[in-house]
Amino acid sequence: AQSVAQPEDQVNVAEGNPLTVKCTYSVSGNPYLFWYVQYPNRGLQFLLKYITGDNLVKGSYGFEAEFNKSQTSFHLKKPSALVSDSALYFCAVSDGMNTGFQKLVFGTGTRLLVSP
Amino acid sequence: GAGVSQSPRYKVAKRGQDVALRCDPISGHVSLFWYQQALGQGPEFLTYFQNEAQLDKSGLPSDRFFAERPEGSVSTLKIQRTQQEDSAVYLCASSFGTSLAPHEQYFGPGTRLTVT
């Protein structure tokens with residue numbers, strides 16, 4: 001069975017500093033990995049994905065993530081944080097071995113707080 | 001273009017009542033998913049449609065939960081005889097992809113169900 005771990009409930013960073021939100025995963029086959037962001041009273045917004053190819057993927061709002069197969073990780077990063085980045089971030093995985101469909105398994109989320 | 005829409009946004013039901021939650025996916029999206037998000041948790045998969053076919057309903061918590069997508073577009077999630085443990089945010093997502101071509105899922109704003 002596939003699973004996702006987000007070891008930090010909250011990450012605090014000062015505006016302008018780099019940020020990292022951690023994610024590790026477990027799947028049977030090749031992983032399809034996603035990051036979503038959730039603002040209060042709103043649905044999940046897609047940030048970026050890794051399906052295959054270059055291990056460094058770039059997404060919306062200046063975010064990027066690095067796929068590391070040996071460490072089974074897919075950490076979200078941004079070189080310079082903004083106060084407006086403060087939100088709840090979810091990592092999700094689907095199993096490339098599953099030929100049925102691509103249901104997502106989510107982590108428990110990490111709250112990012114960027115201080116001015 | 002328009003995103004995924006859900007209605008109602010908020011629903012309060014007395015224990016034992018039936019509720020129906022509606023999802024309008026992005027036009028042309030083949031795949032439609034329902035997820036349940038409890039407070040402080042990540043979304044959990046409920047069921048999946050490819051066009052009008054319900055290909056997986058393994059995440060539905062009990063036989064009180066029923067979903068349909070009769071014409072391959074709008075979907076309805078119905079909960080019969082609601083219980084307090086059904087209180088959660090119900091998220092709908094749609095995707096252009098299928099099992100052979102994974103794509104990101106786009107989420108609606110959710111319906112917050114409170115059972116009193």
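The values are calculated or read from the model by the stated rules, or taken from the named source; none is laboratory data. Computed from a prediction, not measured in an experiment: that's the story for all the values here. All Cβ positions, glycine included, derive from the backbone under ideal geometry; neighbour counts span all protein chains shown. Ligands, DNA and RNA are stripped out before the accessible areas are found, and what is left, the full protein with its side chains, is counted by its heavy atoms. Shrake-Rupley method; radii C 1.70, N 1.55, O 1.52, S 1.80 Å.
Out of the total accessible area of the protein assembly as shown (probe 1.4 Å, heavy atoms of protein only), what percent is carbon and sulfur?
On the way: 5400 of 11100 Å².
Carbon with sulfur: 49 percent of the solvent-accessible area.
What is the Cα radius of gyration of segment A:52-116 over 2.2 N^0.38 Å, N being its residue count? Please report the intermediate quantities before stating the final value.
On the way: Rg = 13.9 Å, N = 65, 2.2 N^0.38 = 10.7 Å.
Its radius of gyration relative to the 2.2 N^0.38 Å reference: 1.29.
What do the square roots of 5 times the Cα gyration tensor eigenvalues come to for segment B:5-115, in whole Å, largest first, as semi-axes of the equivalent ellipsoid?
Numbers: eigenvalues 105, 37, 32 Å².
Its equivalent ellipsoid spans semi-axes of 23, 14, 13 Å.
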Computed log₁₀ I(q)/I(0) - Debye formula, equal Cα scatterers, no solvent, the protein assembly as shown, q 0.12, 0.14, 0.16 Å⁻¹: -0.66, -0.89, -1.13
Among B:Gly72, B:Gly16, B:Gly40, whose mean-square fluctuation peaks in a Gaussian network model of chain B (Cα, cutoff 10 Å)? B:Gly40
Between B:Gln41 and A:Thr72, what's the calculated FRET efficiency when r is the beta-carbon distance and R0 is 25 Å? Round to 0.05. 0.70
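Working with all protein chains in place, sort B:Leu21, A:Leu113 by solvent-accessible area computed with a 1.4 Å probe, largest first. Let's see the in-between values first.
Numbers: B:Leu21 0, A:Leu113 85 Å².
Ranked list, largest accessible area first: A:Leu113, B:Leu21.
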Need the full-extension length gain, A:Leu56 to A:Asn17, defined as separation in residues times 0.36 nm minus the C-alpha distance. One decimal, nm. 12.0 nm
Roughly how much accessible area, to the nearest 100 Å², goes out of reach of solvent when A and B pair up, both sides summed, probe 1.4 Å? 1800
Could you check the simple spin-label distance between B:Phe66 and A:Ser26, using points 7 Å along Cα→Cβ, in nm with one decimal? 3.7
Accessible-area order (highest first, 1.4 angstrom probe) of the listed residues A:Glu64, B:Glu44, A:Glu15: B:Glu44, A:Glu15, A:Glu64
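Suppose we look only past 14 Å in the calculated P(r) of segment A:15-86. What percent of the Cα-Cα pairs does that tail hold? The partial results should precede the final answer.
Working: 1550 of 2556 pairs.
Value for segment A:15-86: 61 percent of Cα pairs lie more than 14 Å apart.
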